[in-house]
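The values are calculated or read from the model by the stated rules, or taken from the named source; none is laboratory data. Nothing here was measured: the structure is a model prediction, and the numbers come from that model. No Cβ is skipped: glycine too gets one built from the backbone with ideal geometry, and neighbour counts run over all protein chains shown. The accessibility values were calculated without ligands, DNA or RNA, using every heavy atom of the protein model including side chains. Shrake-Rupley method; radii C 1.70, N 1.55, O 1.52, S 1.80 Å.
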Amino acid sequence: MSPRANPDPTAIERVFRAEYGRAVAVLVRVFGDIDLAEESVQEAFTVAVQRWPAAAMPPSPAGWIITTARNRAIDRLRREASRDDRHAQAQLLYAPDEPPEEAAVRDDRLRLIFTCCHPALARDVQVALTLRLLGGLSTAEIARAFLVPEPTMAQRLVRAKGKIRAARIPYRVPGDAELPDRQRAVLAVIYLIFNEGYTASSGGRLVREDLCAEAVRLARLMAELMPDEPEVMGLLALVLLIQSRRAARTGADGDLVVLADQDRGRWDRDLIAEGQAIVRACLRRNQPGPYQIQAAINAVHSDAPTAAGTDWRQILQLYDQLLALAPSPVAALNRAVALTEVEGPQAALDVLEDLQLESYHLFHAVRADLLRRLGRYAEAAQAYDAAIARTANTAEQAFLQRRRRELPPA
């Protein structure tokens, strides 16, 4: 490869998004050290930027990254090893690959999710750390997913890694008896990865297809691993039903299209049929949980031939059930959207007054829409401004700005 050739940043970014988590997971399994794995993979991508010309990307970019990262890790361990133990370390590092583990979790990335979701770590830290390591999300993206400032999230991640080192938390596949206890955090990780892919927290693209695909893949893998767990199946149904609408979320010009305005002929009927079948199976089990209820809500949406034909009363009842099982301000915000269609915008606006979601852009976007429907255009404009200021996704910003410009004079 010519060192003068210009690398293709877009191609390398695609490889980074698709393979970062896999590469980190493989190196964590080999070396048992998060920092070493992350730093080595990042170094490998830095080398890729310098060496990969646009016309001669390696046949297997993922394999190249993993091999380069592994070699970088070996070099670092050699430099840091004492003279007495270098020979032993060399034997370890160059030993033939160990046989595959015969355990419940056979996928490196899913294995790393479970090990990051160790009970010694707080739940929010488990999720944040796994998003960082498996999804390749930046600290800023994770902070937006958690609705916290970026410095706060950075401190959480540093403390999490420090606790793993201090407590000597092992990187191993949990036994079958441990799997259910880690389930909730693992499902939260997968769902947050999907949400970041379905509506990117920043950048010029509304959707990051690679993250959506990774989340769906992990959800399917979890369903294979734990098919008798209703919430695992509920999560799979939920992401499939939401993913079915992805092609209709943007117009020909890339602009955001809200659910009510989407061309339902572009929805993926195969994904809808699969998701609805899982929802029906969950209903027969009669063990409701938050993911199953959210899947049922999306199944109702997918049943409606038109936006006007949506059964909003059934959706409202499902949101009531969701709030009884898992109350949260975001769930209450979504319920308010359904309430608008049943009792009108004023009833929904009254609900919003009690929600503490000042930093959440969708709270202000929903509020702006309600105020617009009520003819309170000056207040609606202010709410749109607040929503625009709180999202870093340019597609969302453009949509909100267009809605603001369409407001009649106050």
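One residue stands out among those in segment 38-47 that are touching a residue at least 12 places away in the same chain (Cβ under 8 Å) and within 21 Å of the chain's Cα centre (by Cα): the one that is nearest to residue 164 (Cα to Cα), which is 38. Residues that are out of contact with any helix residue (DSSP H, G or I) (no Cβ under 8 Å at 6 or more places or on another chain) and not in a helix (DSSP H, G or I) within segment 305-353 comprise 308, 309, 327, 328, 344, 353, listed in sequence order. Considered as a group, the residues in segment 112-141 that are more than 16 Å from residue 215 (Cβ to Cβ) and assigned to a loop (DSSP other than H, G, I, E, B) include one that is least open to solvent (accessible area, probe 1.4 Å), and that residue is 121. Residues in segment 142-156 that are open to solvent by 10 Å² or more (accessible area, probe 1.4 Å), touching a residue at least 24 places away in the same chain (Cβ under 8 Å) and either hydroxyl-bearing (Ser, Thr, Tyr) or assigned to a helix (DSSP H, G or I) (or both): 144, 145, 156. Of the helices (runs of 4 or more DSSP H) that lie entirely inside segment 169-266, not one contains 2 or more residues that are modelled with pLDDT under 85 and under 27 Å from residue 312 (Cα atoms).
For segment 223-248, the tally of residues that are under 15 Å from the mean Cα position of the chain (by Cα) and open to solvent by less than 20 Å² (accessible area, probe 1.4 Å) stands at 6. If you go through segment 271-303 and pick out every residue that is of a type outside the set (S, T, N, Q) and over 27 Å from the mean Cα position of the chain (by Cα), you end up with 2.
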